[in-house]
Structure formats: structure tokens, C-alpha cells
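Student: This is the structure I want to talk about, given as C-alpha cells.
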Amino acid sequence: MAPLIQTVGLRKDYRVGDVIVPALRGVDLEVAGGGFVSVVGASGSGKSTLMNILGLLDQPTGGRYLLSGEDVSALDRDRRATLRNRTIGFVFQSFNLLARTSALENVELPLLYDGTHATAADRHRRARALLEAVGLGSRVDHTPAQLSGGQQQRVAIARALVTGPRLLLADEPTGNLDSRTSIEIMEILQRLNRDDGLTVVLITHEHDIAEYGERNVVFRDGRVVDDQPVSRRRDASAELQALPAPEEAA
């Protein structure tokens, strides 16, 4: 069975004036369906460039990228957009929510562009169910300004899942959050991976956050320099249970 993600000799170069700057230098990577992989590296190591290519937001300069066995390296813009909308969900550090729009409407938004022509009632039902699943059933009418950072990230996760993707790409999803809220977000990602079989690729520069995954792929200077199973994987659910209640922690 082909892996969900496979890159072979993946390269990406950027032109800065007359200078060619290599961002990826021949990356070979496989991720099985249902895996949880943490891609770890410092700023400028190439991990975000890799995420953009895996998410079909950018194209490689060379090499191949196979998604579910299909070579998607050179697909045109429209085909990439269709495949991206139906297969991949994104979660970003900055949440990327529409400021004057309710949580429910933010989650519904991808359904307006996925080509399935879902009815308004179906969009409402699916969005509400996902907000309840991430613990925001009582906040569906709140705008981002009325939500905490952790709640906004939960909305972003629900939005990423509303089209039923097979792959979730999370780019520094805890970067703007405090320690407790970070654990709460990682608990959601672990649960989605464990219970729903969602493939998760987590991009992070924080090694402690990377330990919530089952495998660490370390980037440096556009190359994979290490790829190992996590020997002592962190369990976010157990960590949350061991913490005092929020009011007690205050």
C-alpha cells in the first residue's frame, strides 16, 4: 500500500535578485496514512517550505511529490486547488479567522468553495458538530474578538476538518498559546489522529511540542538530518488530567 505522502528528491529554490537560494535540497520523506509526524527545525531550516509543498500551496523546483500515490508535483493551479480543498486541512499559528464573522460562519467557509454544493442547513449542521467536538458548542455565535487564543485555535481546527480531509497540516499551532492551552490543542490533535485516523503533520521548532507526535523528522539547511520514532511520546490527555483546574492554577 502506497504511503499517503511520499517525496523523492524534493527541491525548492528561490530567486533573490541574481542569486538562487535553495530552501529544500533533495528531501526524501514518507508518511503513512494515519501517522502523526512532527517536522522539527529552526527558522530557515526548510520545514515551512516543505509544508507549503505538501499542502499544494507551492510547487517544487525539482523532484517528485506523490499524494495517495498520485504524482502531484506539476499539477496546474485549478487541479491543485480542488485536490487541496478535498484532501487537506490547515491549522496555522495566527489562526487566520475572519474578524467580523462568527465561529460558526468561520468553520462553514471552506464548504462554500469545496465544490460539493452543500446546503446552508448541511453547512450549519457540520460546522456546529465540529465546534461541539472541540469544546465550543456554546460559543458558535462568538466572533474571534470574543474568544481566547486557545478558543480561536479550536475554531481553526474545526474549520480545517469541515471538508473531511485525510491530512491535517499544522504549522506552529501552539506558537501563540500558553503552556496549558498548548497541551489542550495537542490533546485535540492526538485524539483526531488516534480516534479518527486523521494523518497529522505538525511543523514546529519546539522539541517538547514535537514529542506529542509518534515520529520526529529533523530539518537543517533544507535537508532531513534525522528521522526517528519518538521514544517517550507525550500523552496530552494524561497531562491535562494531572494539571490543576484552571481556577486552581490561577
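Student: In nm, to one decimal, how far is the modelled label at Arg234 from the one at Arg79, with both set 7 Å along Cα→Cβ?
Tutor: Placing both labels 7 Å along Cα→Cβ, they lie 4.1 nm apart.
Student: Which far-off residues, 5 or more places away or on another chain, put their amide H under 5 Å from the one on Gly89, with H placed in the peptide plane?
Tutor: For Gly89, the qualifying residues are Leu167, Leu168, Leu169.
Student: Still on this structure, I have one more. If you place +1 on the Cβ of every Lys and Arg and -1 on the Cβ of every Asp and Glu, how big does the dipole about the Cα centre of segment 37-102 come out, in debye to the nearest 20?
Tutor: 180
Student: Dipole size in debye (nearest 20) for segment 155-250 around its Cα centre, Lys and Arg Cβ +1, Asp and Glu Cβ -1?
Tutor: The calculation lands at about 380 debye.
Student: Same structure again: Using +1 at the C-beta of Lys and Arg and -1 at the C-beta of Asp and Glu, which of Ile209, Pro22, Thr143 has the Cα lying farthest in the positive direction of the dipole of the chain?
Tutor: Pro22
Student: To check my understanding: the extent here is largest minus smallest coordinate of the Cα atoms along each principal axis. What are those three numbers for segment 158-209, in Å, largest first?
Tutor: 28, 18, 17
Student: Separate question: Which order do the peptides 73-85, 158-170, 133-145 come out in when sorted by mean C-beta neighbours inside 10 angstrom, highest first?
Tutor: Output ranking for 73-85, 158-170, 133-145: 158-170, 133-145, 73-85.
Student: Using +1 on the beta carbon of Lys and Arg, -1 on that of Asp and Glu, and nothing else charged, what's the dipole of segment 85-164 about the Cα centre, debye to 20?
Tutor: 60
Student: Right, here's the next one. Using just the Cα positions, wrap segment 150-250 in a convex hull and report its mean projected area in square nanometres, one decimal place.
Tutor: One quarter of the hull surface, i.e. the mean projection, equals 7.4 nm².
Student: Work out, step by step, the length gained on full extension between Asp58 and Asp13: first 0.36 nm times the residue separation, then minus their alpha carbon distance; give nm to one decimal.
Tutor: 15.1 nm
Student: OK, next. Can you find, among Ile185, Ser231, Ile157, the residue farthest towards the positive end of the dipole of the chain? Put +1 on the C-beta of Lys and Arg, -1 on that of Asp and Glu.
Tutor: Farthest along the dipole direction, towards plus: Ile157.
Student: Further, regarding this structure: Output the direction-averaged projected area (hull surface divided by four) of the convex hull of the alpha-carbon atoms of segment 46-146, in nm².
Tutor: Dividing the Cα hull surface by four gives the mean projection, 8.0 nm².
Student: Whole-Å semi-axes of segment 20-80's equivalent ellipsoid, largest first, each the root of 5 times a Cα gyration tensor eigenvalue?
Tutor: Sorted largest first and rounded, they come to 19, 17, 10 Å.
Taken together, the values in this text are just the output of simple stated rules run on the coordinates, not laboratory data. Keep in mind that what you see is a predicted model, and the values were worked out from it rather than measured. Cβ coordinates were reconstructed from backbone atoms using ideal geometry, including for glycine residues, and neighbour counts include every protein chain displayed.
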